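**Q** Take this structure, written in structure tokens, and hold onto it; I'll ask about it next.
The values are calculated or read from the model by the stated rules, or taken from the named source; none is laboratory data. Only a predicted model underlies this, so the values are computations on that prediction, with no experimental measurement involved. Using ideal geometry, Cβ is built from the backbone for each residue, glycine included, and neighbour counts are taken over all protein chains shown. We work out accessible area using only protein heavy atoms, side chains counted, and drop any ligands, DNA or RNA first. Shrake-Rupley method; radii C 1.70, N 1.55, O 1.52, S 1.80 Å.
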Amino acid sequence: MKVNSNDIAINYTVEGKGPWIVLSHSLACNYSMWDEQAGALKEHYRVLRFDTRGHGGSDAPEGAYSLNMLADDLLGVLDSLGIEQTHFVGLSMGGMIGMTFALAHPGRFRSLVLCDTSSRIPSDAAPVWEGRIKTASEQGMEPLVEPTLQRWFTEAFYKSNKAMMKRVAQMIRTTKPAGYIGCCHAIPKINLTDRLGAISCPVQVIVGEQDVGTPVAMSRAIQDAIPGSGLAIISFASHLSNLEQPEQFNKALLGFLSKHNC
């Protein structure tokens, strides 16, 4: 299904019945990244998954995006569907969108789950992001597939789970270069740590123990900045902890939600 938001078409799907919960995916993925979680959530929640601007079936305008723009896209989706309040789960870029939205629109989130993400990207990481932009603009997504897989999963999981690697590789490969590039401009500019204390809804942080892209230290910084927030560390998982260890991830997610489903 499609909805018009912030002057573009956003692709989304809704499953289940109960309180609303929104799932927001990582860079170079799409809403199918959340299949294992949607299956577990839809028995008790109305699950909204959407493709971020530039990804999956959503429009991919040329040019640099910003996290405020991506948060505005989310606002348009929620308003179009008549969702006044929702739980929100975001991983990596999705978590950044969640933090940005929570600060701009207090009261809209009933709870916020921030997975394998960061509230600040060090300035010395800029060349890495510039290199990814250069690769995507000159060669497309294919050269980014294998390095990204090796960064997103532990070495053991990468080597032994070919079906999952094929599934995630396809998401990366089919991401529109304009969308990837647009989001690569937005992500490294995040600098929200000092403002996170203003988030008033319940917050749970989840991170893979071996995440190299957004290490545990980044999740601890988020937890430290938000009074009362919790931290769950997923063993034997790297960046896409929801896919590498879905049972552990779902236990942490559902356990938190069960406490705040009011």
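**Q** Tell me whether the range 29-41 contains one or more residues that are over 30 Å from Asn191 (Cβ atoms), of a type outside the set (Gly, Ala, Ser) and surrounded by fewer than 23 Cβ atoms within 10 Å (Cβ to Cβ).
**A** yes
**Q** So, of the residues in the range 239-262 that are out of contact with any helix residue (DSSP H, G or I) (no Cβ under 6 Å at 6 or more places or on another chain) and polar (S, T, N, Q), which turns out to be most open to solvent (accessible area, probe 1.4 Å)?
**A** Residue satisfying both the conditions and the ranking: Ser258.
**Q** Output the residues belonging to the range 190-219 that are out of contact with any Lys or Arg (no Cβ under 8 Å at 6 or more places or on another chain), in a loop (DSSP other than H, G, I, E, B) and open to solvent by less than 30 Å² (accessible area, probe 1.4 Å).
**A** Within the range 190-219, Ile199, Asp211, Thr214 meet the criteria.
**Q** Could you grab me the full set of residues in the range 221-250 that are closer than 19 Å to Leu112 by Cβ and free of Cβ contacts under 8 Å to residues at least 12 places away in the same chain?
**A** Asp224
**Q** Looking at Gln210, is it touching a Ser or Thr at 6+ places or on another chain (Cβ under 6 Å), under 24 Å from Leu67 (Cβ atoms) and not aliphatic (A, V, I, L, M)?
**A** No, not satisfied.
**Q** Further question: Filter the range 28-67 down to residues that are closer than 21 Å to Arg132 by Cβ and outside any loop (DSSP other than H, G, I, E, B), then give me how many there are.
**A** 2
**Q** Continuing with the same structure: How many of the residues making up the range 45-69 are among the aromatic types (Phe, Trp, Tyr), in contact with a strand residue (DSSP E or B) (Cβ under 6 Å, 6 or more places away or on another chain) and closer than 20 Å to Lys2 by Cβ?
**A** Total meeting the criteria: 1.
**Q** Here's a follow-up. Residues to consider are Ala163, Ala169, Ala136, Ala186; find the one that is within 14 Å of Met33 (Cβ to Cβ), in a helix (DSSP H, G or I), of a type outside the set (Phe, Trp, Tyr) and at pLDDT 95 or above.
**A** Result of the check over Ala163, Ala169, Ala136, Ala186: Ala169.
**Q** Every residue in the range 71-89 that is more than 17 Å from Met1 (Cα to Cα), in contact with a Ser or Thr (Cβ under 6 Å, 6 or more places away or on another chain) and in a helix (DSSP H, G or I), please.
**A** Ala71
**Q** Residues that are of a type in the set (S, T, N, Q), modelled with pLDDT of 95 or more, under 17 Å from Phe50 (Cα atoms) and open to solvent by 30 Å² or more (accessible area, probe 1.4 Å): does the range 141-151 have at least one?
**A** No: the range 141-151 contains no residue that is of a type in the set (S, T, N, Q), modelled with pLDDT of 95 or more, under 17 Å from Phe50 (Cα atoms) and open to solvent by 30 Å² or more (accessible area, probe 1.4 Å).
**Q** Does Ala126 meet the test of being in a helix (DSSP H, G or I), open to solvent by less than 10 Å² (accessible area, probe 1.4 Å) and out of contact with any strand residue (DSSP E or B) (no Cβ under 9 Å at 6 or more places or on another chain)?
**A** It is false that Ala126 is in a helix (DSSP H, G or I), open to solvent by less than 10 Å² (accessible area, probe 1.4 Å) and out of contact with any strand residue (DSSP E or B) (no Cβ under 9 Å at 6 or more places or on another chain).
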